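Enquirer: First, the structure itself, so that you have it in front of you.
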Amino acid sequence: MNERTKAEIDLGPLPELIGYVLRRAQLVVFQDFFSAFAPFDISPAQFSVLTVIERNPGLTQTQVAAALGIKRTNFVGLLNELEKRTLAERRQVSGDKRSYALYLTPDGAALTRKLRPVLKAHEARMVAKVSEAGRDQLVALLHDIADAGETREPRNGAGIRGAKASRAPRPGSAET
């Protein structure tokens, strides 16, 4: 059997492709996230939902799902799990029997407070890999890619205005 080390394997153009390198970086970030948040049994998608509900109490399920780019069917299961754990709750929107507003429960609010220092430490570990300036640059560049299909211009002033591009699934839309 031909035993090659990782350094000896020809990956062709992959290491120069944004998507490939982005996915490799995402795996490193998520690995650290899962490790740091394991004692709380919180996934990146759950953390995102709790954060949006905490910062915007009373948004509807549709609004939270859209803000995070999570498909409605995936969001319902995610929210069901948060409700089962008594971290979030649905409340009927007055005047609309089909819509539910989302709120953190007292347990959810307490958990989000406990998660803040965990998130800060996780983010510090990621920043240590690229520096604070590198982080700012990376985040700006990633926003340029993510926002390319929206009407506002990318931060560097280049891009197509008013064009709508098809969107790839956003973080949290898959089982994370």
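Enquirer: Which entries in Lys84/Lys120; Lys71/Lys120; Lys71/Lys97 show an alpha-carbon gap greater than 24 Å?
Expert: On the way: Lys84/Lys120 27 Å; Lys71/Lys120 28 Å; Lys71/Lys97 21 Å.
Pairs exceeding 24 Å: Lys84/Lys120; Lys71/Lys120.
Enquirer: Calculate what fraction, in whole %, of the accessible area of the stretch 34-76 sits on carbon and sulfur atoms when a 1.4 Å probe is rolled over the protein chains.
Expert: On the way: 1180 of 2210 Å².
The computed percentage sits at 54.
Enquirer: Which cross-chain or sequence-distant (5 or more) residues have an amide H under 5 Å from the amide H of Ser99, H modelled 1.01 Å from N in plane?
Expert: Excluding prolines and chain starts, which carry no amide H, the hits are Val93.
Enquirer: What are the ³J(HN,Hα) couplings of the stretch 20-26, residue after residue, when phi is run through the Karplus curve with 6.51, -1.76, 1.60 and θ = phi - 60°? Round to Hz, x for glycine and proline.
Expert: Using θ = phi - 60°, the values come out as 5, 5, 4, 5, 4, 5, 4 Hz.
Enquirer: Could you list the square roots of 5 times each eigenvalue of the Cα gyration tensor of the stretch 1-80, that is, the equivalent ellipsoid semi-axes, sorted largest first and rounded to whole Å? Could you put the intermediate results ahead of the total?
Expert: On the way: eigenvalues 256, 50, 24 Å².
They are 36, 16, 11 Å, listed largest first.
Enquirer: If you take the alpha carbon radius of gyration of the stretch 91-143 and divide it by 2.2 N^0.38 Å, what ratio comes out, to two decimals?
Expert: Details: Rg = 18.1 Å, N = 53, 2.2 N^0.38 = 9.9 Å.
Here the Cα radius of gyration is 1.82 times the empirical estimate.
Enquirer: Right, another one. For the full complex of protein chains and a 1.4 angstrom probe, list His122, His143 by accessible area with the highest value first.
Expert: On the way: His122 10, His143 75 Å².
Accessible-area ranking of His122, His143, largest first: His143, His122.
The values are calculated or read from the model by the stated rules, or taken from the named source; none is laboratory data. Keep in mind it's a predicted model, so treat the numbers as computed, not measured. When the accessible area is computed, the model is the full protein with side chains, heavy atoms only, and any ligands, DNA or RNA have been set aside. Shrake-Rupley method; radii C 1.70, N 1.55, O 1.52, S 1.80 Å.
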